[in-house]
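Report on one structure; see the data block that follows.
The values are calculated or read from the model by the stated rules, or taken from the named source; none is laboratory data. Keep in mind that this is a model prediction, so the values were computed, not measured. Virtual Cβ from ideal backbone geometry, glycine too; neighbours counted across all protein chains shown.
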Amino acid sequence: MLPLALLNIKRRRGRIYVSFLSDEHEELASLMIEKFNKSIEYNATKGSLDDEIKALEYQYDYRIVRGLYIVLERLCKFKSKAEYYGVDPMMLRRRVFEESSRRGYALTEYERLSILESVAKHLGMDVKMVEDLLLSDLPHNMLIVNIENIDPHTLIALYNLSLIQTLLFRCIRLECTLKDGADWKYLLRGVKRLGLMYTLEYNDSMKCIIEGPLSLFKLTDMYGTSIAKLVPTIVRAKEWNIKAWTVSNDKSKSYEFILSSNDGINIYRYEYDEGIYDSSIEERFANTFINYRTGWSIRREPEPLIAGGRAFIPDFVFEKGALKVYLEIVGFWTKDYLARKLEKIRELKMNNGAEMLIAIDKTLASSMGNIPITESCIILFDTKDGIPVAHVVNHLKKIENKVYYTSVDTKVLESISSMVEEGIPVIDLHDLTHSSNDLIQGDKYKGYTKVRSYLISNSLLEYVRTAIDGIGDRLSDAYTLLKEYGVPEECYIDVLSLLGYDIIWNSIDVNDAVIVKRRG
């Protein structure tokens with residue numbers, strides 16, 4: 001990336017055009033590479049090289065000269081003269097300042113030389129060496145000791161890549177389309193590694209829409225740098241297309257920028273990074289999760305989830321038998337972006353039945369305000385501590401139990417229906433969860449009445465009604481009768497009440513209690 005002042009662009013009719021370098025500029029590129037190599041050969045300082053490069057600005061566009069210089073400078077290795085002698089320039093300066101402070105300000109050349117001689121003698125060094133090494137670590141005094149091997153064509157390619165990165169540093173929206181599936185894998189890995197806010201659209205081909213840094217109110221530099229870091233991944237693809245929108249300096253106008261692999265621009269293509277994990281946060285989380293031994297397996301880069309013309313590729317999928325739960329890690333975010341992400345998750349769950357967890361880095365929130373975290377699928381974390389694995393495990397257990405009991409209830413309900421058809425007089429509902437148990441009413445099963453956690457056939461209740469009328473009024477005798485008819489003990493009082501009887505307690509002894517038929 002280059003300073004914005006070196007961005008060579010033209011604006012016309014709502015479009016922005018970048019002045020890329022071509023083979024015609026190889027002469028200048030070759031000349032600058034030669035000057036760098038000669039500086040190394042003659043052991044010249046960076047300051048002297050700067051002077052030679054500045055002279056070229058009178059012959060060529062200064063923005064191109066300075067841009068190429070910055071690219072070449074990044075390929076160099078610099079070393080101070082003091083490093084060759086094993087001397088620390090900061091230590092030298094401290095000694096000189098301490099000696100000057102002890103003696104007083106050096107107002108003459110003699111006094112200055114005297115201070116240097118005193119320091120040199122104390123350190124066992126020559127006065128001239130002290131003078132040479134005193135400021136040798138300042139940028140313009142550094143020596144160029146090495147530069148990566150580069151040719152003019154490659155230098156121009158790196159420069160053009162830097163121009164794209166610089167332009168997109170201040171975009172408000174970026175759309176990119178890649179043709180090859182393998183290239184998509186690396187692009188999405190890069191988007192996730194950099195924590196960018198993105199949306200995927202699917203219609204024959206995949207389109208990645210990335211929120212630009214100017215869509216945030218803070219963290220714009222950090223986010224803009226992340227967008228710039230993604231550009232090499234995009235242009236590395238076999239076939240690609242970029243469409244972006246940038247704003248003017250006063251933010252009063254927006255301009256469209258379009259570029260594709262078919263435009264024939266010489267752009268440097270880096271090799272893909274084949275790292276196993278996109279970030280240290282992912283790696284730490286995965287390794288810690290495995291150590292928990294939950295019975296769930298964890299896998300990166302699961303298959304895309306598609307709903308409503310939009311694609312969603314989570315960071316991880318947890319699997320246990322036929323059950324799958326997905327985890328999406330969110331880096332940079334705004335309130336609006338997070339709301340859209342949650343809406344997409346709800347849509348996926350409704351259409352695909354996909355269970356989803358979303359881990360949000362609260363340290364990368366924009367200044368648009370915190371959203372109320374009411375969604376049960378949300379897990380907050382910060383970069384320092386990483387994703388709380390214990391919280392994820394608890395969520396997985398809840399989902400697993402929910403699915404398990406739903407499955408159990410389905411089987412039990414099928415069994416109950418079968419027993420109703422067979423006419424079994426008393427059906428136990430205890431194997432159902434409370435939620436399913438509460439939903440069962442006797443009128444759903446013709447010929448049965450629900451009493452506590454049981455279904456009792458109406459025919460059995462009629463037999464009991466007839467039998468009780470002939471046994472007298474002792475409660476203990478009624479209990480004995482109910483037991484003989486197979487009525488569960490916990491249902492005795494409820495059944496008696498259902499049949500129209502009240503219990504009169506004369507003491508705490510059940511043998512003293514009597515039943516009385518209600519009137520009316």
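A few remarks follow.
- Search result, residues across segment 78-89 that are in contact (Cβ under 8 Å) with a residue 24 or more places away in the chain and in a helix (DSSP H, G or I): K81, A82, P89
- Scan of segment 177-202 for residues that are of a type outside the set (D, E), part of a strand (DSSP E or B) and surrounded by fewer than 23 Cβ atoms within 10 Å (Cβ to Cβ), ordered by number: T177, Y198, T199, L200, Y202
Here is a yes/no grid of residues against (1) assigned to a helix (DSSP H, G or I); (2) farther than 27 Å from D137 by Cα; (3) assigned by TED's automatic domain parsing to the domain that holds I227:
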{"residue": "Y17", "(1), (2), (3)": "no, yes, no"}
{"residue": "F20", "(1), (2), (3)": "no, yes, no"}
{"residue": "E24", "(1), (2), (3)": "yes, yes, no"}
{"residue": "A29", "(1), (2), (3)": "yes, yes, no"}
{"residue": "K38", "(1), (2), (3)": "yes, no, no"}
{"residue": "S48", "(1), (2), (3)": "yes, no, no"}
{"residue": "D51", "(1), (2), (3)": "yes, no, no"}
{"residue": "Q59", "(1), (2), (3)": "no, yes, no"}
{"residue": "I64", "(1), (2), (3)": "yes, yes, no"}
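- Selection of first residues in segment 177-201 that are more than 22 Å from A359 (Cβ to Cβ) and of second residues that are among the aromatic types (F, W, Y) and buried (at least 20 other Cβ atoms within 10 Å of the Cβ), restricted to Cβ pairs under 6 Å at least 6 apart or on distinct chains, gives the following pairs, ordered by first then second residue: L178/W184; L178/W240.
- Taking the criterion of being in contact with a strand residue (DSSP E or B) (Cβ under 9 Å, 6 or more places away or on another chain), in a helix (DSSP H, G or I) and modelled with pLDDT of 80 or more, the residues of segment 225-284 that qualify are I227, L230, V231, I234, V235, S261, N262, I281, E282, R284.
- Segment 43-62, subset in contact with a helix residue (DSSP H, G or I) (Cβ under 6 Å, 6 or more places away or on another chain) and either among the small types (G, A, S) or surrounded by 17 or more Cβ atoms within 10 Å (Cβ to Cβ) (or both), residue nearest to I9 (Cα to Cα): L56
- Evaluation of L21 against (1) closer than 30 Å to S80 by Cα; (2) of a type outside the set (G, A, S); (3) within 40 Å of the chain's Cα centre (by Cα) (one fails), failing number: (1)
- Output for segment 67-117, where each listed residue is in contact with a helix residue (DSSP H, G or I) (Cβ under 7 Å, 6 or more places away or on another chain), at pLDDT below 90 and of a type in the set (V, I, T): V87, V96, I115
- Boolean, E73 is within 23 Å of N149 (Cα to Cα) and either in contact with a Cys (Cβ under 8 Å, 6 or more places away or on another chain) or part of a helix (DSSP H, G or I) (or both): yes
- Residue check for L92: free of Cβ contacts under 8 Å to residues at least 24 places away in the same chain, farther than 30 Å from I265 by Cβ and among the aliphatic types (A, V, I, L, M): no
- Strands (runs of 3 or more DSSP E) wholly inside segment 309-428 that include at least 1 residues being touching a strand residue (DSSP E or B) at 6+ places or on another chain (Cβ under 7 Å), modelled with pLDDT of 75 or more and farther than 26 Å from I298 by Cα: 426-428
- When segment 124-136 is filtered for residues that are surrounded by 13 or more Cβ atoms within 10 Å (Cβ to Cβ) and part of a helix (DSSP H, G or I), the ones remaining, listed by number, are V127, M129, V130, E131, D132, L133.
- If you go through segment 72-121 and pick out every residue that is surrounded by 12 or more Cβ atoms within 10 Å (Cβ to Cβ), out of contact with any strand residue (DSSP E or B) (no Cβ under 9 Å at 6 or more places or on another chain) and among the polar types (S, T, N, Q), you end up with 3.
- Single residue of segment 494-508 satisfying the filter (of a type in the set (A, V, I, L, M) and within 23 Å of I424 (Cβ to Cβ)) that is surrounded by the fewest Cβ atoms within 10 Å (Cβ to Cβ): L498
- Taken residue by residue, segment 179-187 has at least one member that is touching a strand residue (DSSP E or B) at 6+ places or on another chain (Cβ under 7 Å) and modelled with pLDDT of 80 or more.
- Residue identified as surrounded by fewer than 12 Cβ atoms within 10 Å (Cβ to Cβ) and at pLDDT below 90 among R452, R519: R519
- Test: residue in segment 154-173 that is at pLDDT below 85, among the β-branched types (V, I, T) and either outside the structural domain of T45 (by TED's automatic domain parsing) or under 30 Å from V235 (Cα atoms) (or both): yes
- Figure legend. Inter-residue proximity from segment 247-266: first residues more than 25 Å from H25 (Cβ to Cβ) and of a type in the set (A, V, I, L, M), second residues surrounded by fewer than 13 Cβ atoms within 10 Å (Cβ to Cβ) and at pLDDT below 90, beta-carbon distance below 8 Å, spacing 6+ or different chains. Indicated pairs: V247/K253.
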